[in-house]
Amino acid sequence: MTTIAAPHRLGFDVERIRADFPILRRSVRGRPLVYLDNAATTQKPQAVLDALASYYTEINANVHRGVHQLSELATDAYEGSREKIRAFVNAASVREIVFTRNATEGINLVAYAFARQILKPGDEILISAMEHHSNIVPWQLVCEERGAHLRVAPIDDSGALILEELERLIGPRTKLVSIAHMSNALGTVNPVQEIVRLAHAKGVPVLLDGSQAAYHMPVDVQAIGCDFYAATGHKLYGPTGIGFLYGKAERFEAMPPFLGGGDMIRTVSFEKSTWNDLPHKFEAGTPDISGAVALGVALDYISAIGLDRIEVHERGLLQFGTDALTSVPGLRLIGTAPHKASILSFVMDGVHPHDIGTIVDREGVAIRTGHHCAQPVMDRFGIPATARASLAMYNTREDLETLARALTRVRQVFA
């Protein structure tokens, strides 16, 4: 199977990193690709692509069920990736790492197997006004079923969470606080350690949606103190269809299974079934084995470079991009919180975001336009949509200069 050396530890070499991503060498509409849609999904290094092929050509077999050599190799690779995730987020044990399809499934798992079991009529779940739909809709569904209420902590005009209001809203009926570590629409990075401290002081558990944060900054779930942390592999430079949910072992132990079927059971009879040990209790059926293995390789790749170095590089890009974009006439950034990362959401006077995206695409620049699965954020700022450029470790100042030139072209078209 593919292994990762550590060629970048002596310094952050963005050109060498870019060389590891084959798609960045392609052209779009006759121009070099400038990929600035990383908040939607990141591109994949060759090592991850090789890992997928290597799994299917060398060890393809089902896990946990066979005594033959291929099954043992597949199981070792699959469980080896679980250990890599444990180390990546500093969980106490692999028992606290459950493989999921994505962060959305992880949040739904907690909604179904945790919140649904404890909510009573009149109880409350607290989220914030900056959440992705995946951290809104599951709670609406479970609250409707159980007669509970969804409360929303407000954000200010910069897109920052109003922490005092969140603290005020944590009351005796609050059963869970579920908050984005980082906003996908605004880039705001929330003070998650302080949020957890405030909630735990009132006996309330906390889930963090780490979909955006986990590939931009180091995550230490023990230092943060959260009860659950959901993340998705395709933003961590890994494949689609794989993610993970961290949960404190005592929380997982008390929760019933999310799905029933093979591998999550200890015994089955027609009268009664009993459940497997953690984390397998929450992993019914044949998993995305190749995706899990390739996600482990992606984490090896990130770790070899160093998230601390990645964070510094992207912070510099964010400042450079902020300066470059705000120099474009009629452009206004949406999301200017003091603590933010890697997201440049904006609107332009007299131009619909979809038109912005269409025109910059002609210049080879890929950005995202729309509500970004965060319609309440758009409502908060009184706009239908934004254009969003989002950064990753392989982006450069030249990428942002190309975007700024393309936006100047937009301005000329709509002059």
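The values are calculated or read from the model by the stated rules, or taken from the named source; none is laboratory data. Not measured: the values here are computed from a predicted model. Heads up, the Cβs are rebuilt from the backbone with ideal geometry, glycines too, and the neighbour counts pull from every protein chain shown.
Structure summary
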| quantity | calculated |
| --- | --- |
| Condition met for HIS354 (closer than 30 Å to GLY306 by Cβ and either in a helix (DSSP H, G or I) or not polar (S, T, N, Q) (or both)) | no |
| Pairs, first within 14 Å of LEU161 (Cβ to Cβ) in segment 333-346, second of a type in the set (Asp, Glu) and not in a strand (DSSP E or B), C-beta under 7 Å, six or more apart | none |
| Matching residues in segment 236-256 - criterion: being in a helix (DSSP H, G or I) and among the hydrophobic types (A, V, I, L, M, F, W, C) | ALA249, PHE252, ALA254 |
| Restricting segment 236-270 to residues that are within 26 Å of VAL177 (Cα to Cα) and among the acidic types (Asp, Glu), the residue that is surrounded by the fewest Cβ atoms within 10 Å (Cβ to Cβ) | GLU250 |
| Selection count, segment 327-355, where residues are within 24 Å of the chain's Cα centre (by Cα) and either among the aromatic types (Phe, Trp, Tyr) or over 21 Å from ASN38 (Cβ atoms) (or both) | 2 |
| Residue in segment 271-284 that is touching a Leu at 6+ places or on another chain (Cβ under 6 Å) and either crowded, with 22+ Cβ neighbours inside 10 Å or in contact (Cβ under 8 Å) with a residue 60 or more places away in the chain (or both) present | no |
| Among (1) buried (at least 18 other Cβ atoms within 10 Å of the Cβ); (2) of a type outside the set (Ser, Thr, Tyr); (3) over 25 Å from PRO32 (Cβ atoms); (4) touching a strand residue (DSSP E or B) at 6+ places or on another chain (Cβ under 6 Å), the one test that PRO376 misses | (4) |
| Residue list for segment 387-415, filter: outside any helix (DSSP H, G or I), among the polar types (S, T, N, Q) and closer than 17 Å to PRO32 by Cβ | ASN395, THR396 |
| Count - residues of segment 370-386 that are under 18 Å from ALA341 (Cβ atoms), part of a loop (DSSP other than H, G, I, E, B) and among the hydrophobic types (A, V, I, L, M, F, W, C) | 1 |
| Hits in segment 91-116 (condition: aliphatic (A, V, I, L, M) and under 18 Å from the mean Cα position of the chain (by Cα)) | ALA91, ILE97, VAL98, ALA103, ILE107, LEU109, VAL110, ALA111 |
| Filter result (among the hydroxyl-bearing types (Ser, Thr, Tyr), in a loop (DSSP other than H, G, I, E, B) and under 20 Å from ILE59 (Cβ atoms)) within segment 257-302 | THR286 |
| Residues of segment 89-107 classified as out of contact with any strand residue (DSSP E or B) (no Cβ under 9 Å at 6 or more places or on another chain) and surrounded by 22 or more Cβ atoms within 10 Å (Cβ to Cβ), total | 0 |
| Segment 312-342 - residue that is part of a strand (DSSP E or B) and not charged (D, E, K, R) and, of those, surrounded by the most Cβ atoms within 10 Å (Cβ to Cβ) | LEU331 |
| Residues that are aliphatic (A, V, I, L, M) and either farther than 14 Å from GLN222 by Cβ or assigned to a helix (DSSP H, G or I) (or both), drawn from segment 93-108 | VAL94, VAL98, ALA103, ILE107 |
| Contacts under 8 angstrom Cβ, first residue in segment 213-242 being in the same structural domain as PRO279 (by TED's automatic domain parsing) and closer than 17 Å to ALA47 by Cβ, partner among the charged types (D, E, K, R) and not in a loop (DSSP other than H, G, I, E, B), 6 or more apart | TYR215/LYS235 |
| Test set (1) in contact with a Pro (Cβ under 9 Å, 6 or more places away or on another chain); (2) farther than 21 Å from THR188 by Cα; (3) surrounded by fewer than 18 Cβ atoms within 10 Å (Cβ to Cβ) - GLU401 fails condition number | (1) |
| Check on ALA113, among the hydrophobic types (A, V, I, L, M, F, W, C), assigned to a loop (DSSP other than H, G, I, E, B), touching a residue at least 12 places away in the same chain (Cβ under 8 Å) and out of contact with any strand residue (DSSP E or B) (no Cβ under 8 Å at 6 or more places or on another chain) | no |
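This table checks each residue for (1) touching a Pro at 6+ places or on another chain (Cβ under 7 Å); (2) on the phi > 0 side of the Ramachandran plot; (3) at pLDDT 90 or above.
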| site | (1), (2), (3) |
| --- | --- |
| PRO257 | no, no, yes |
| LEU278 | no, no, no |
| GLY291 | yes, no, yes |
| GLY296 | no, no, yes |
| LEU299 | no, no, yes |
| ILE302 | no, no, yes |
| ARG309 | no, no, yes |
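Listed here are the residues, each with its yes/no results for (1) modelled with pLDDT under 95; (2) farther than 23 Å from ALA40 by Cβ; (3) in a helix (DSSP H, G or I).
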{"position": "HIS64", "(1), (2), (3)": "yes, yes, no"}
{"position": "TYR78", "(1), (2), (3)": "no, yes, yes"}
{"position": "SER81", "(1), (2), (3)": "no, yes, yes"}
{"position": "PHE88", "(1), (2), (3)": "no, no, yes"}
